[in-house]
Each structure stands twice: as structure tokens, then as C-alpha cells.
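Everything on this sheet refers to the single structure shown next.
The values are calculated or read from the model by the stated rules, or taken from the named source; none is laboratory data. Bear in mind that the values here come from a model prediction, so they are computed numbers and not experimental data. Every residue, glycine among them, receives a Cβ derived from its backbone with ideal geometry; neighbour counts consider all protein chains shown. Calculation scope for accessible area: heavy atoms of the full protein, side chains included, ligands and nucleic acids excluded. Shrake-Rupley method; radii C 1.70, N 1.55, O 1.52, S 1.80 Å.
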Amino acid sequence: MKTHAFILALAVLAGTPLLADNMPMPVNADGLKWGPAPAVFPKGAQIAVLSGDPFKDGLYVVRLKMPANYKIPAHWHPTPEYVTVVSGKFHIGMGDKLDQKKGIELRAGGFGEAPARMNHYAWASEETVVQVHGQGPFQLTYVNPTDDPSK
């Protein structure tokens, strides 16, 4: 029995460096690499990928930086979307059309979830950074196809 436990312990320890090699390095906010958000988002937003690849199968974590008065028209995703506000004021509403009278304001530390296929919209009333995580591949389908800036 002790021999089996020893062999198991060696196997776990031998695999640890391999796991460490595949782990992304920790990063502070000032070390993130920002770039233009994909064309499916209205112009003006920037994105930083923290973990995973949002356009492949698997978990992902990204941050989206939006200027003041940035709006994302009503849309839905095939998988749940989880949003945490890092800074600024982010507003989320549920429905088929962006309506600033019906949204909920989330401030730094606030959290929101949009279930799969639920129509929702968002806007930033000041420069805002949100962290979004979910199951890829990420897809965004606008309720009104004419709202899609990639078309």
C-alpha cells in the first residue's frame, strides 16, 4: 500500500511543472494588452483577453473597456454571460430594444448574468471596464439585424 501511495505522489509531483508551464502568468490591470473590440461590437470599445480564447470552445475571461455613452443594442448569446463591473457605471436591461429608462445601474463590484438566449442590452454612462466570462465560443446576435455593426 505504501508503495502505491509513493508512486502516486511521484506522479503528481512529476506533473506539477507541466501544469505550471501551461498556467497563464498573473497580471495586474496596468499590464493588460488592450486592442480594438471585435467588429460585432459598436466602434469605440477595447478588449483584453485574460484567459482562454473567447472564439473557441472552452471557458474564457475578457475585459471590455467602453467610453462614456457607449451603447450595445439589444442582443442575445447562445450561452450564459457573466459580467462584473471593474470600474465606471454599467447599465444592463432586459428586452428587445435598448431603453435607458428600464436598465439597472451597476457600479464597481456589481455583477450581472444574462441567461442563454435572453434578449438584453447595455450602456456605459461614463468610461467603464467590465469583466465578462463564459463558455466559448462567444457569439453575439442582435435582436434587430440592422444594429449589427459587422454587417
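Checking each residue of the stretch 121-140 against the condition of being farther than 19 Å from P38 by Cβ and without any contact (Cβ under 8 Å) to a residue 60 or more places away in the chain gives at least one match.
Taking the condition of being within 21 Å of P26 (Cβ to Cβ) and not in a strand (DSSP E or B), how many residues in the stretch 37-94 meet it? Total meeting the criteria: 3. Filtering the stretch 30-50 down to residues that are open to solvent by 50 Å² or more (accessible area, probe 1.4 Å) and in contact (Cβ under 8 Å) with a residue 60 or more places away in the chain, which residue is farthest from the chain's Cα centre (by Cα)? Looking at residues that are open to solvent by 50 Å² or more (accessible area, probe 1.4 Å) and in contact (Cβ under 8 Å) with a residue 60 or more places away in the chain, I get K43. Restricting attention to the stretch 110-151, and to residues there that are assigned to a loop (DSSP other than H, G, I, E, B) and hydrophobic (A, V, I, L, M, F, W, C), which single residue is surrounded by the fewest Cβ atoms within 10 Å (Cβ to Cβ)? Across the stretch 110-151, the extreme among qualifying residues is A116.
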